[in-house]
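Data first, discussion second: the structure below is written as structure tokens.
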Amino acid sequence: MADEQAQQGNGGGVATARDSLTVTDNRTGETYDVEVAEGTVKAMDFRQIKVAEDDFGLMTFDPAFTNTASCRSAITFIDGEAGVLEHRGYPIEQLCEKSTYLEVAYLLVYGELPTQAQLDTWIYQITHHTYVHENIKKFVEGFRYDAHPMGMLLATMGALSTFYPAAKNIENDMERHMAAVRSIAKVPTLAAFAYRHNLGLPYVYPDNDLSYPGNFLSMMFKMTEVKYEPDPRLERALDVLWILHADHEQNCSTSAVRSVGSSQVDPYSALAAGVAALFGPLHGGANEQVLRMLDRIGSVENVPDFLEGVKNRKERLMGFGHRVYKNYDPRARIIKEHVDQVFEVTGKNPKLDIATELEKRALDDDFFAERKLYPNVDFYSGLIYEALNLPTEMFTVMFAIPRTSGWIAQWLEMVQDEETKIARPRQIYTGHRERDYPPIDGREELVDPPVDEKVARKLASP
Ligand code: CMC
């Protein structure tokens, strides 16, 4: 049981002499003792296992990190089997009920919930760093009118490193703090500018009188009114959605931030790597894909046929399944509760019926039960974003805004961790070895020509 707990990452216990693994290498008959601590063995301990003196030693192979802990972290705890998510030990349900997104961001970054005075200072600092340099605005103007807003966010996030060059002094705690404040403060501005650019609308500057989500709604939707007044129900729903998306331990984008950050590059460049990873359809892009999928299904009557397609592997049920959760994603449950509150303001999104039918049928179906496929956070979030009149391209941006606090918290933890080294995986080499370089007229043509040749042929044909 102790080991089981340790595998869940809750600290385990201090290793004792009994906490070891005895491994017999059947190639040589040699036996080795490998320490087991915190439910893990160190991959480097296997390097001593060799068939000969000059052998490199045994490596572990885990291309998608499915069973490899890449770091120690005290930020987010997930028990995927039980459907539990906690930040710094506080259950996500309590944070969503009692906290605000900015308070949770503070918790992620600094490790404890703030006192009232600390929270006031934090909110003041975030609110007073929401403006971006005017040249960022010009930079956004340079994109095509139909540029994907995630592509724009990726570029503008990275570009912040050129406006705050001192951020590269990552050993300086004040610079690290300012990077946390600036990135969390400015990401809604960058996101809203990208949105307004797509619409050809003038950019709206931040309004310091409004809350963090209220200001975002203002930068997105303000038109000719002197002052934008956000609907408090939408403000709260957005705040809860952002709490739910703030951090999720070592997911693809967070690993990207840590991996790129381990080279000791400035934090904005590392965050840009996070935005890039989040852009992918299997990660943050999934909420966009969910809406496209619901559009394609079209009506409740078509749900059974669609699910048949999924089972025949012609389709993938987007918004279902998770690498870690093998139970209902607790975030999906909370979002579902907020869907109705949003629809109270915006009117019901007709696709909700299709989504509800899909969920009901999938949960009753052995194919999904056997594979432990349940709705994930993205299944319902897209419906809310669409009800807010956001184009699907903006959905992943809506994920990137709150995930910035998780990324920066993880980056801060990583750069201050004495165990951090530059991320540098090994490989199993599968290519040729020690070939003699042939002259150009002595080379054989490939049976299947490489893509560049195919393209060249296509361009040459009339
Ligand atoms: N629809 C249909 N079948 C699925 C799905 C799905 N959404 N997800 C997994 N499976 C099947 C998969 O085909 C495999 O079946 P089999 O064993 O017969 O080959 C089995 O379930 C195990 O799947 P896997 O691909 O090994 O699981 P994974 O851990 O590698 O992938 C995942 C996790 C999230 C990439 C995957 O479930 C997926 O593609 N889901 C849809 C995309 C999605 O909703 N992504 C958002 C994730 S939550 C937001 C975030 O944190 O980024």
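The values are calculated or read from the model by the stated rules, or taken from the named source; none is laboratory data. The shown structure was predicted, so the numbers you read here are calculated from the model rather than taken from an experiment. Positions of Cβ are generated from backbone atoms using ideal geometry, with glycine treated the same way; all protein chains shown enter the neighbour counts.
Observations, loosely collected:
- In region 274-292, the residues that are at positive phi and assigned by TED's automatic domain parsing to the domain that holds residue 393 form no Cβ pair under 6 Å with any partner that is modelled with pLDDT under 90 and within 11 Å of the ligand (Cβ to nearest atom), whether six or more places apart or across chains.
- Selection status of residue 192, modelled with pLDDT under 95, among the small types (Gly, Ala, Ser) and in the same structural domain as residue 399 (by TED's automatic domain parsing): no
- Residue check, residue 102 among the hydrophobic types (A, V, I, L, M, F, W, C) and either touching a Phe, Trp or Tyr at 6+ places or on another chain (Cβ under 7 Å) or closer than 23 Å to residue 266 by Cα (or both): yes
- Strands (runs of 3 or more DSSP E) completely within region 20-85 that count 2 or more residues being of a type in the set (Val, Ile, Thr) and under 30 Å from residue 330 (Cβ atoms): 76-79
- Matching helices (runs of 4 or more DSSP H) fully within region 238-351 where at least 3 residues are closer than 30 Å to residue 111 by Cα and within 16 Å of the ligand (Cβ to nearest atom): 252-261, 267-279, 330-346
- Failed condition for residue 189, given (1) over 23 Å from the mean Cα position of the chain (by Cα); (2) hydroxyl-bearing (Ser, Thr, Tyr); (3) under 23 Å from residue 391 (Cα atoms): (1)
- Residue check, residue 62 within 16 Å of the ligand (Cβ to nearest atom) and free of Cβ contacts under 8 Å to residues at least 60 places away in the same chain: yes
- Condition met for residue 456 (in the same structural domain as residue 173 (by TED's automatic domain parsing), part of a helix (DSSP H, G or I) and small (Gly, Ala, Ser)): no
- Condition met for residue 81 (more than 29 Å from residue 179 (Cα to Cα), loosely packed, with under 15 Cβ neighbours inside 10 Å and of a type outside the set (Ser, Thr, Tyr)): yes
- Check on residue 55, surrounded by fewer than 13 Cβ atoms within 10 Å (Cβ to Cβ), within 28 Å of residue 420 (Cα to Cα) and either more than 34 Å from the chain's Cα centre (by Cα) or within 16 Å of the ligand (Cβ to nearest atom) (or both): yes
- First in region 306-329 and more than 12 Å from residue 374 (Cβ to Cβ), second anywhere and within 6 Å of the ligand (Cβ to nearest atom) and of a type in the set (Asp, Glu), Cβ under 8 Å, 6 or more apart: 318/378
- Any hit, region 382-397, residues being within 15 Å of the ligand (Cβ to nearest atom), modelled with pLDDT of 95 or more and either out of contact with any Leu (no Cβ under 8 Å at 6 or more places or on another chain) or within 30 Å of residue 88 (Cβ to Cβ) (or both): yes
- Reported count of residues in region 423-462, each being closer than 30 Å to residue 73 by Cβ and surrounded by 10 or more Cβ atoms within 10 Å (Cβ to Cβ), is 3.
- Matching residues in region 350-367 - criterion: being of a type outside the set (Asp, Glu) and more than 26 Å from the chain's Cα centre (by Cα): 350, 354, 360, 361, 367
- Check on residue 245, touching a Pro at 6+ places or on another chain (Cβ under 8 Å) and either free of Cβ contacts under 8 Å to residues at least 12 places away in the same chain or surrounded by 14 or more Cβ atoms within 10 Å (Cβ to Cβ) (or both): yes
- Any pair with Cβ under 6 angstrom, 6 or more apart, that starts in region 205-230 at a residue that is at positive phi and ends at one that is in a loop (DSSP other than H, G, I, E, B) and surrounded by fewer than 20 Cβ atoms within 10 Å (Cβ to Cβ): none
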